[in-house]
Amino acid sequence: MIAWYDNRSQGVINNLSNKDKESISRITGLPVSPHYSASKIRWLLNERVSDTKKYIWLCIPDFIAYKLTGKMRTEFSIASRTMLLDIKKRAWSEEIKKIFKIENVNLPPIIAAGEKVGNVKSYFINSLGISHNAYVTIAGHDHMVGSYSCDQSKNELLDSTGTTEGILLLTEKLRMKNLDHKNGISYGIYVRQNMYTAFTSLPSAGSII
């Protein structure tokens, strides 16, 4: 397990060619950064675990859902932050996995925000005294879920402050420009799947810690 703000995989990023970086941004909609999952996975394979074994990568919400249900899933706005999602095809990118040489790492099926992952295991139902009908969903990326809760609509800007201070824009169409990535703008799929996000953040708020 490795936190999003951990920069130890910066060396992985530094070793990428300019062509690879351009491909990553074009496919994933993200500026190339050690904050995303792809470089962290490569760093873990280099430094912490065997790179000859097969693994499944789960983001933290996915891991919690797995522990509660026994089922591995992720959600589109979270998948958008891994630097492994083909944002246009809405599917995991084998090309990006090859760039990072992480073909031995599988990624979970992607479901919509709020879609049922699975029923809560009987162990938790009994120990917590909750309903046998209880099930687990994955809400999504924190800034995007906050946007949903305040009913942000398209072409409105939201200043969302938490682990970072982020500026979020919602659009119905994906409008990526080459220079946007150099300026730190990232794109993703919103928790409402008929919309996309354009997001940038300041290294402030909680990330200062």
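Figure note: Trp92, Trp43 ranked by solvent-accessible area, largest first, 1.4 Å probe, ligands and nucleic acids not counted: Trp92, Trp43.
Which percent of the Cα-Cα distances in the chain go past 28 Å? Please report the intermediate quantities before stating the final value.
Working: 6323 of 21736 pairs.
In whole percent, the share of Cα-Cα pairs in the chain beyond 28 Å is 29.
Residues considered: Arg48, Arg26, Arg192. Largest GNM mean-square fluctuation over the chain, using C-alpha springs under 10 Å, is found at Arg48.
I'd like the carbon and sulfur percentage of the solvent accessible area for the chain, probe radius 1.4 Å, heavy atoms only, ligands and nucleic acids excluded.
Working: 5960 of 11500 Å².
Within the chain, the accessible surface is 52 percent carbon and sulfur.
Accessible surface for Met195 stands near 20 Å², nearest 10, in the context of the full protein assembly shown (1.4 Å probe).
So if we plug the beta-carbon distance of Ser153 and Asn183 into 1/(1 + (r/R0)^6) with R0 = 25 Å, what FRET efficiency do we get, rounded to 0.05? Could you put the intermediate results ahead of the total?
Details: r = 24 Å, r/R0 = 0.97.
Once rounded, the FRET efficiency stands at 0.55.
The simple spin-label model puts a point 7 Å past each Cα toward its Cβ; for Lys19 and Arg192 those points are separated by 4.2 nm. From helices alone, the chain scores -8500 deg cm²/dmol at 222 nm; the rule is -39500 (n - 2.57) for each run of n ≥ 4 DSSP H residues, then divide by the residue total.
Give me Rg over Rh for the range 149-202, both radii from the alpha carbons and Rh done the Kirkwood way, two decimal places. Present the calculation step by step, with values, prior to reporting the outcome.
On the way: Rg = 11.0 Å, Rh = 11.6 Å.
Across the range 149-202, the Cα-based Rg/Rh ratio is 0.95.
Shown are Phe100, Phe63, whose ranking by accessible area with a 1.4 Å probe and every protein chain present, most to least, is Phe63, Phe100.
Calculate the length of the line joining the C-alpha centroid of the range 1-70 to that of the range 71-138, in whole Å. Answer, in whole Å: 15.
The values are calculated or read from the model by the stated rules, or taken from the named source; none is laboratory data. Note that the structure is a prediction, hence the values are computed from the model and not measured. Virtual Cβ from ideal backbone geometry, glycine too; neighbours counted across all protein chains shown. In case anyone asks, the SASA skips ligands and DNA or RNA and just uses the protein heavy atoms, side chains included. Shrake-Rupley method; radii C 1.70, N 1.55, O 1.52, S 1.80 Å.
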